[in-house]
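Below you'll find the structure, written out as structure tokens, and then a few comments.
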Amino acid sequence: MRKFVLALLAILAFATPASAQTFPSRPITIIVPFSAGGPSDVMARILAERMKVTLGEAILVENVSGAGGSIGVTRAVRSPPDGYTISFGHLGTHVANGAIYKLGYDPVADLEPVVRLPSNTMIVVSKNAVPAKSLGELLAWLKALPAPAAAGTAGAGSGSHIAGLYFESITGIKLQYVPYRGTGPAMNDLVAGQIDLIVDQLSNSINQVRAGTIRGYAVSDTKRAESAADIPTADEAGLPGFHMTLWSGLWVPKGTPQDIVTKLNAAVVEALNDPGVRKQLENLGLQMTPKDQLTPKALGDWQKAEIAKWWPMIKAANVKVE
Ligand code: MLT
């Protein structure tokens, strides 16, 4: 009889999904689909440090890079829907990739939105050897080149690639894309002068621009970034209408219990409201998400709206991937 009761309890314990009361009871992993040291990785690690305080378990950041971020997102989509695997992504991975790759998943239907994270304005940066001191001079230099300039990206469909396509569509200037597993390593090559430019996330370039190891020309926002007030907007610098914000977000596999999604959302919102965390993120030039846009539903609606907005431009670029 005693053996039968114990067996029954074991079956019940295994069968009952983890509920928010007991969640988390072991470390959680955030899959960042780009290499360590890049803008996505840096933001994920800042948030993870604070989320572990609220959730009482370690939050591990795992970098699973490649194919514009789709390899890392695939890993997350195929993980158990129990809240222990979180997909970090952005306009590139959870919007653009679907317009470029034959993904083995649907970034809307196969993932549960958790929260929209702070966003980056984009910045046009070049190696210091480029003979240009303003955006106007840079555009003239690019137009006069015998062959397209080498533009670093984090792979086809990544944020830096979509920003490059958008830059091409507005300037009419062709770029030769050089793919990396993230804009962290792309930045190393830009500083070393191995590539000519990146249309990058401000948070990835800002410290190099401040250090004078690369040159910053303009940001893709309608107003200057407080943390980089010396960098003009593209409108001011002679490229009117070049407006792009690279927003990020967190998702979990479809089927993850709603009460766990709510608990994860609350932990991130608490982190974003932490003055120390905000200072770190704002110092990197990141823009906080409006409070009414911090719900899981708001991210889901935003993702769909961004797909409708960006897919036509991306599809028109006719990007070829293996
Ligand atoms: C990164 O973290 O490397 C970026 O988010 C890559 C990109 O999308 O440009």
> Which one of these is out of contact with any Cys (no Cβ under 6 Å at 6 or more places or on another chain), in contact (Cβ under 8 Å) with a residue 12 or more places away in the chain, within 16 Å of the ligand (Cβ to nearest atom) and not basic (Lys, Arg): 128, 63?
Replying inline: 63
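Does residue 170 fit the bill of being in contact with a Gly (Cβ under 8 Å, 6 or more places away or on another chain), more than 12 Å from the ligand (Cβ to nearest atom) and either not aromatic (Phe, Trp, Tyr) or not in a helix (DSSP H, G or I) (or both)?
Working: in contact with a Gly (Cβ under 8 Å, 6 or more places away or on another chain): yes; more than 12 Å from the ligand (Cβ to nearest atom): yes; either not aromatic (Phe, Trp, Tyr) or not in a helix (DSSP H, G or I) (or both): yes.
Spelling it out, residue 170 is indeed in contact with a Gly (Cβ under 8 Å, 6 or more places away or on another chain), more than 12 Å from the ligand (Cβ to nearest atom) and either not aromatic (Phe, Trp, Tyr) or not in a helix (DSSP H, G or I) (or both).
Among the residues that make up the stretch 148-167, is at least one of them over 26 Å from the mean Cα position of the chain (by Cα) and either without any contact (Cβ under 8 Å) to a residue 60 or more places away in the chain or surrounded by fewer than 14 Cβ atoms within 10 Å (Cβ to Cβ) (or both)?
yes
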> Do we find a residue being among the β-branched types (Val, Ile, Thr) and more than 24 Å from residue 65 (Cα to Cα) anywhere in the stretch 152-170?
Replying inline: yes
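Does residue 258 satisfy being touching a strand residue (DSSP E or B) at 6+ places or on another chain (Cβ under 6 Å), surrounded by fewer than 19 Cβ atoms within 10 Å (Cβ to Cβ) and within 30 Å of residue 80 (Cβ to Cβ)? Steps first, please.
Values: touching a strand residue (DSSP E or B) at 6+ places or on another chain (Cβ under 6 Å): no; surrounded by fewer than 19 Cβ atoms within 10 Å (Cβ to Cβ): yes; within 30 Å of residue 80 (Cβ to Cβ): yes.
Against the criterion (touching a strand residue (DSSP E or B) at 6+ places or on another chain (Cβ under 6 Å), surrounded by fewer than 19 Cβ atoms within 10 Å (Cβ to Cβ) and within 30 Å of residue 80 (Cβ to Cβ)), residue 258 does not qualify.
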> Any idea which of 99, 36 is more than 24 Å from residue 262 (Cβ to Cβ), within 12 Å of the ligand (Cβ to nearest atom) and either at pLDDT 95 or above or surrounded by fewer than 23 Cβ atoms within 10 Å (Cβ to Cβ) (or both)?
Replying inline: 36
> Taking the stretch 215-259 on its own, how many of its residues are free of Cβ contacts under 8 Å to residues at least 60 places away in the same chain and either closer than 23 Å to residue 44 by Cβ or not small (Gly, Ala, Ser) (or both)?
Replying inline: 12
> Scanning the stretch 173-205 for residues that are closer than 18 Å to residue 120 by Cβ and not in a helix (DSSP H, G or I), which turns out nearest to the ligand (Cβ to nearest atom)?
Replying inline: 182
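The values are calculated or read from the model by the stated rules, or taken from the named source; none is laboratory data. Predicted model, so just to flag it, every value in this text is computed and none were measured. In this analysis, Cβ positions are derived from the backbone assuming ideal geometry, glycine residues included, and neighbour counts consider all displayed protein chains.
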